[in-house]
1. After finding the eigenvalues of the alpha carbon gyration tensor for the stretch 336-417, what semi-axes result from the square roots of 5 times each, listed largest first in whole Å?
2. Using each residue's phi in the stretch 409-425, evaluate 6.51 cos²θ - 1.76 cosθ + 1.60 at θ = phi - 60° and report the 3J(HN,Hα) Karplus result to the nearest Hz, with x for Gly and Pro.
3. Give a residue-ordered list of calculated ³J(HN,Hα) values for the stretch 65-75 (Karplus: 6.51 cos²θ - 1.76 cosθ + 1.60, θ = phi - 60°; whole Hz; x for Gly, Pro).
4. Using 0.36 nm times the number of residues separating Tyr242 and Leu215, minus their current alpha carbon distance, what extension gain do you get?
5. With +1 on each Lys and Arg Cβ and -1 on each Asp and Glu Cβ, how big is the dipole of the chain about its Cα centre, in debye rounded to the nearest 20?
6. Along its principal axes, what span do the Cα atoms of the stretch 344-488 show, with the longest given first and each in whole Å?
7. Once you have all Cα-Cα distances for the stretch 275-334, histogram them in 5 Å bins from zero and send the whole-percent values.
8. Could you give the length gained by full extension between Glu353 and Leu292, i.e. 0.36 nm per residue of separation minus their alpha carbon distance, to one decimal place?
Amino acid sequence: MLMCLHFLGVWLKTIIKKYLRYTVLFVGALFSSAFLQAAPEQSLAFQKSNEVTYCIDPDWAPYEAIRNGIHVGISAQYMQLIAELADLQFKLVPTQSWQQSLEFVQQGKCQVIPMMNTSNYRKQFLDFSVPYFEAPNVLVARFGMPMLQGYSGIGNRTVGIVQGYRQVEYISRHYPGLRLKLIPSEEEGLKQLVNGEFDVMVGSLMSVNMHINNLKLEDLDIVGYAEPFDSLAFGINKSYGYLTDKLNSAIERIPETRKVEIYKQWNNVQIRYSRNYTVMVLSTAIVLIGLLWLISRNRHVGGYKRIIQQKNEEITALQANLLEKNKTLGFLSAHDTVTGLYNRNHMIQRAEEEISRYLRFHTTASLIAVDLVPTDEDLFSHNPAIREDVLKAVAQSCLNTVRDVDIVSRFNGEQFVVLCPQTQLDSAKILADRLLECLAIHHLLSDKFKIAIGMSELRDAEEFPDWLERTIKALYHSKRQGFGNVSVAQ
């Protein structure tokens, strides 16, 4: 009996556990079904939002443009039809340029662009509807340009094209040799074309025709077609891809008669914009006041400018005079007034530079001293003018004999010193002999003066006074030997 009760208890526990498990599974299934039914409804409600933001090219009339904050042009009329057929409400997001519109749709600031060409680059961030409007592109040039057979006929000419247009990508890929100039809009591009900033412009036929007529650009001609033609469709941000089917369905239901009416309405139409004459009058008055103020200001400024110019001319003249005097002073401070040779101070300075160069680079130098002694001690007292002539003759003979790199100076009285940079003793000896020979045969010196020459080569760790002293000792040795010779310092 106890065994029967035990088995009965185990069986009841098993039945209760199974019942509870199936109950939990059933309740979970009910909640899951309710959730799955609610989620599609919420997603569908999100997708059924009928307000669609869009951007356009603000300056591409007559295709599309923004005038006084309103979307006008061919795309505006197509969007009215599509809004009715697809039960959508389009909301314009204004932009300043086509490039900005592309950036906005890529960033999701607007959901669609209603009129654009497809391209490989744009397909990376946009889906596209079926095309609903086609139009040719043309090449425009100044009058006199021959007809061009597409891009292949442009050659070395520069091509202007609106930044962000599909043609930029097309030319870069298929005609990489063409020179491109990016322009902000077709209207601005036509103005630059007239001014000669580039040679040929690519533009949409209807837009180019309208701008040429409105701007009265009589010097421009259409000189060829530009492939490929525009096949314009909606560009849709990939995050809103569900709009593609709605737009395609609406585009396919547009009657052909309505397409023809829109084309006729905008083909060869000269768009004229209304003017606010109140603003024009006020602007004219402001301009006139500004002109009067500028005239008055220019008269006063002109007077001040004349005074300033006069003072500047005086300052320039004084500066030129001062510069000339400084040059004269600089020349006199380094040259002897009688012979025009360098003076003692300049010779010492140049010799010190050679000593410094010798210490750095071990390039030796030589020094030659020349002294004139009159045969008649009273020669200069009897005829003072002859002293100046003799000094000038010696100076000229030295300049004619030495090299261009050598420095000749009148050291004092009738004594001259020649510095021979980067010159060894043997070469300097040849130069000293040639100088002695030149002075000895001079007609002013040969009979009335005796010539002594001493020379020395720069030694290690020798200062200029020591170098000069050795050279003067050699000069005295030449005198003791009876003049007319070159004595070399030991």
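Values in this text are rule-based calculations from the coordinates and carry no lab data. Since the structure is predicted, the reported quantities are computational estimates derived from the model, not experimental observations. No Cβ is skipped: glycine too gets one built from the backbone with ideal geometry, and neighbour counts run over all protein chains shown.
1. Over the Cα atoms of the stretch 336-417, the ellipsoid semi-axes are 30, 12, 11 Å.
2. Along the stretch 409-425, the couplings run 9, 8, 7, 5, x, 9, 10, 10, 10, 10, 9, 10, x, 6, 10, 6, 4 Hz.
3. Karplus values, whole Hz, x for Gly and Pro: 6, 10, 10, 6, x, 10, 7, 10, x, 4, 5.
4. Difference between extended and current length: 5.5 nm.
5. About 2320 debye.
6. Extents along the principal axes, in whole Å: 51, 28, 24.
7. 4, 15, 10, 10, 8, 9, 7, 7, 7, 6, 5, 4, 4, 3, 2, 1
8. My answer for the length gained is 15.2 nm.
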